[in-house]
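What follows is a set of notes on a single structure, which appears directly below.
The values are calculated or read from the model by the stated rules, or taken from the named source; none is laboratory data. Computed from a predicted model, the values in this text were never measured in an experiment. Glycine gets a Cβ as well: all are built from the backbone with ideal geometry, and neighbour counts include every protein chain shown.
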Amino acid sequence: MEHKKRQQSSIDRLPEDIREQLQELLRDPRVTQLDATARINAILEEQGQEPLSKSAVNRYAVKMEAVGAKLRQSREVARMWIGRLGAEPQGEVGKLLNEMVRTLAFEAVVEMSEGSEAVEPRMIRDLAVAIEKLEKAASENVKREEEIRKKALEEAGDRVAKLAKKGGLSEETVREIRERIMGVAS
C-alpha cells in the first residue's frame with residue numbers, strides 16, 4: 001500500500017511571524033475566530049498572499065485548544081501528585097516526574113508521526129538524549145534508594161544486636177539475628 005504524504009495546511013504554510021500572530025490572536029479571549037481570520041487575511045492581502053479560509057482557522061484553533069487542554073491536564077495531574085507526594089521521599093516524586101516525561105515524550109512522538117510535516121532529525125536526537133538522561137537519573141535513584149535501605153537495615157541490625165546483648169542473649173544468637181536482618185537487604 002502506497003502512503004501519500006499529507007499536504008501541509010494553509011496555516012502550516014504561513015510565514016512563521018504571521019502564524020505566531022494568528023496563535024496570539026486565537027489565545028486572546030477577546031478576539032473571535034472571525035476577527036482573527038479577518039486580521040490575518042488583511043496582513044496576507046498586503047503581502048499579496050492567498051487568504052485563509054474560516055474553516056482552516058477553525059480547524060487550527062480546535063487543534064490548538066486540544067493541545068492546550070492536554071497540557072493543562074498534564075500540569076494539573078502533576079500538581080495533584082506532587083502535592084500528594086510532597087511529604088513522601090524525594091525518590092517517589094522523581095519516579096512520578098520521570099514517568100510523566102516519558103509519557104509526554106511518547107505522546108509527542110506519536111503526534112509528530114501522524115503530522116503532515118517530516119520530523120526533524122534534531123528533534124529526534126534531542127528526545128533521545130532527554131530519555132537517556134531520564135533513564136540514567138532513574139537508575140541512579142534506584143541505586144541511591146537501595147543504599148539508603150541497606151544502611152537503614154544495618155543500623156536496625158546494630159540496634160537490635162545492642163539490645164539483644166543487653167538482654168543477655170548469647171553472642172551467637174545476636175549474630176544470627178543481625179544476619180537475618182541483613183538478609184532482608186540482600
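Tabulated data for the structure shown
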read-out: Every residue from region 10-30 that is part of a loop (DSSP other than H, G, I, E, B) and surrounded by 15 or more Cβ atoms within 10 Å (Cβ to Cβ); value: S10, I11, L14
read-out: A69 vs. criteria free of Cβ contacts under 8 Å to residues at least 12 places away in the same chain, of a type in the set (G, A, S), more than 26 Å from V110 (Cα to Cα) and part of a helix (DSSP H, G or I); value: no
read-out: Meets criteria (out of contact with any Leu (no Cβ under 8 Å at 6 or more places or on another chain) and either at pLDDT below 90 or more than 30 Å from M100 (Cβ to Cβ) (or both)) for V57; value: no
read-out: All positions within region 137-157 that are surrounded by fewer than 14 Cβ atoms within 10 Å (Cβ to Cβ) and either in contact with a strand residue (DSSP E or B) (Cβ under 6 Å, 6 or more places away or on another chain) or at pLDDT 80 or above (or both); value: E140, K143, R144, E146, E147, I148, R149, K151, A152, E155
read-out: Residue in region 94-105 that is surrounded by 13 or more Cβ atoms within 10 Å (Cβ to Cβ), among the charged types (D, E, K, R), part of a helix (DSSP H, G or I) and modelled with pLDDT under 70 present; value: yes
read-out: Scope region 67-87; condition modelled with pLDDT under 65 and either closer than 18 Å to L134 by Cβ or surrounded by 13 or more Cβ atoms within 10 Å (Cβ to Cβ) (or both); matching residues; value: I82, L85
read-out: Condition broken by A128, with the remaining ones in (1) at pLDDT 75 or above; (2) surrounded by 12 or more Cβ atoms within 10 Å (Cβ to Cβ); (3) among the hydrophobic types (A, V, I, L, M, F, W, C) satisfied; value: (2)
read-out: Residue count for region 37-64, restricted to those that are surrounded by 12 or more Cβ atoms within 10 Å (Cβ to Cβ) and either farther than 18 Å from Q8 by Cβ or hydroxyl-bearing (S, T, Y) (or both); value: 8
